[in-house]
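Student: Have a look at this one.
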Amino acid sequence: MSSEDHWLLDTPIAHRGLTGHNRPANSLAAFEAAAAAGYACELDVQLTRSGELVVVHDYELTALTGAAIATAELTPTDRERLRLEGTDQQIPTLSQVLDLVAGRVPLLIELKRPTLNLNFDLVDEVLRLTADYPGRYAVESFDPLLVAALRIAVRKLPSQRRVPVGRICGLLRTAGPLTRVVGRSMVSNLVTRPDFLAYEVDGFPSGLTAWWRRRGVPVIAWPVASPEREMFARQYSDNIVFSGYRPSHGQHLAS
């Protein structure tokens, strides 16, 4: 891994921003708090039918906003009207997050869509919008088809634009059957050759992640929710995506 990408190994990554009172996950307030504290930010991006890249995890917005709207059907008007978890925070766009963070800390951008398909507009839009971003960032997905499309797309970028591509995987006990099978399998990695893996901490120890680490592919543990879980993750991973506490900066997880 190049020196420019070394933040993926030694900068703790705040899961959907640094959440807290009036700072819901994937909100501008949470990303501002993380950037101010010097943590990298992990965020979820989806593409709506209106063409907006919105930063939200759920595919349906009832739990987050009280409105029974599918994220894919979210309009700009609805997005500006709705509030996250009873706070004053709106669902942000990726453009708003990029403008807010402005290169102060790296970004780990997860591309999400509700179904596996051969439409890769999400990939194209994310890379188009981040083309002039002044900071470091990486992209990742559970979806092996998106990972493959990202790998192809980033290879076409100018040489000075280094964008690491990662694959997210793990036990995924609460996911649907197809997502769970796809997420647990790493067979597609033999084709897509991700630059890093993001692996669910509850799945450690894992022979598969150990195999990839021995071949130089870093592993990032997620989500790590306490200092005790961080100590556990240190045994099997190179960095952490954390929530619910504040880890020390600049720590290298043990090999």
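The values are calculated or read from the model by the stated rules, or taken from the named source; none is laboratory data. Given the structure is predicted, the values throughout are model-derived calculations rather than measurements. Glycine also receives a Cβ, built like all others from the backbone with ideal geometry; neighbour counts cover every protein chain displayed. Ligands, DNA and RNA are stripped out before the accessible areas are found, and what is left, the full protein with its side chains, is counted by its heavy atoms. Shrake-Rupley method; radii C 1.70, N 1.55, O 1.52, S 1.80 Å.
Student: Restricted to the range 176-194, and to residues that are open to solvent by less than 30 Å² (accessible area, probe 1.4 Å) and not β-branched (Val, Ile, Thr), which residue is modelled with the highest pLDDT?
Tutor: First, the residues of the range 176-194 that are open to solvent by less than 30 Å² (accessible area, probe 1.4 Å): 183, 186, 189, 192, 194.
Those left that are additionally not β-branched (Val, Ile, Thr): 183, 186, 189, 194.
Numbers: GLY183: 70, MET186: 85, ASN189: 91, PRO194: 97.
Across the range 176-194, the extreme among qualifying residues is PRO194.
Student: Here's a check for you: in the range 27-53, which residue that is within 15 Å of the chain's Cα centre (by Cα) and assigned to a helix (DSSP H, G or I) is surrounded by the fewest Cβ atoms within 10 Å (Cβ to Cβ)?
Tutor: ALA30
Student: Quickly run through the range 113-135 and pick out the residues that are over 16 Å from VAL55 (Cα atoms) and of a type outside the set (D, E, K, R).
Tutor: THR115, LEU116, ASN117, LEU118, ASN119, PHE120, ALA131, TYR133, PRO134, GLY135
Student: Still on this structure, please answer the following. If we scan the range 66-77, do we find a residue that is on the phi < 0 side of the Ramachandran plot, surrounded by 14 or more Cβ atoms within 10 Å (Cβ to Cβ), part of a helix (DSSP H, G or I) and among the hydroxyl-bearing types (Ser, Thr, Tyr)? First the steps, then the outcome.
Tutor: Step one: filter the range 66-77 for residues on the phi < 0 side of the Ramachandran plot, giving 67-77.
Next, from what is left, pick out any that are surrounded by 14 or more Cβ atoms within 10 Å (Cβ to Cβ): 69-72, 74.
Keeping just the survivors that are part of a helix (DSSP H, G or I) gives 71-72.
Applying the additional criterion that residues be among the hydroxyl-bearing types (Ser, Thr, Tyr) yields 71.
Yes: one or more hits.
Student: Oh, and also: Considering only the range 178-218, state which residues are in a loop (DSSP other than H, G, I, E, B), closer than 27 Å to ALA153 by Cβ and more than 20 Å from the chain's Cα centre (by Cα).
Tutor: Filtering the range 178-218 down to residues in a loop (DSSP other than H, G, I, E, B) leaves 185-188, 193-195, 204-206, 215-218.
Narrowing the set further to residues that are closer than 27 Å to ALA153 by Cβ leaves 185-188, 193-195, 215-218.
Of everything in the range 178-218, those that are in a loop (DSSP other than H, G, I, E, B), closer than 27 Å to ALA153 by Cβ and more than 20 Å from the chain's Cα centre (by Cα) turn out to be VAL187, ARG215, GLY216.
Student: Any idea how many residues of the range 8-26 are surrounded by fewer than 20 Cβ atoms within 10 Å (Cβ to Cβ) and either free of Cβ contacts under 8 Å to residues at least 40 places away in the same chain or assigned to a helix (DSSP H, G or I) (or both)?
Tutor: Result for the range 8-26: 4.
Student: Against the definition (surrounded by fewer than 22 Cβ atoms within 10 Å (Cβ to Cβ), of a type in the set (Asp, Glu) and part of a loop (DSSP other than H, G, I, E, B)), how does ASP58 come out, yes or no?
Tutor: Working: surrounded by fewer than 22 Cβ atoms within 10 Å (Cβ to Cβ): yes; of a type in the set (Asp, Glu): yes; part of a loop (DSSP other than H, G, I, E, B): yes.
Yes; evaluated as a whole, the condition is true for this residue.
Table: residues versus (1) open to solvent by less than 20 Å² (accessible area, probe 1.4 Å); (2) under 23 Å from VAL123 (Cβ atoms); (3) at pLDDT 95 or above; (4) in contact with a Lys or Arg (Cβ under 6 Å, 6 or more places away or on another chain).
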site	(1), (2), (3), (4)
ARG167	yes, yes, yes, no
LEU172	yes, yes, no, yes
ALA210	no, no, yes, no
PRO223	no, no, yes, no
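Student: Cβ-Cβ distance below 8 Å, separation of 6 or more or different chains: which pairs start in the range 219-232 with a residue that is in a helix (DSSP H, G or I) and end on one that is open to solvent by less than 10 Å² (accessible area, probe 1.4 Å) and of a type in the set (Val, Ile, Thr)?
Tutor: Short answer, once both residue conditions are applied: ARG229/VAL201; GLU230/VAL224; GLU230/ILE240; PHE232/VAL201.
Yes or no, residue by residue, for (1) farther than 27 Å from LEU9 by Cβ; (2) in contact with a Phe, Trp or Tyr (Cβ under 8 Å, 6 or more places away or on another chain); (3) open to solvent by 80 Å² or more (accessible area, probe 1.4 Å):
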residue	(1), (2), (3)
LEU84	yes, no, no
ASP124	yes, no, yes
SER141	no, no, no
SER159	no, no, yes
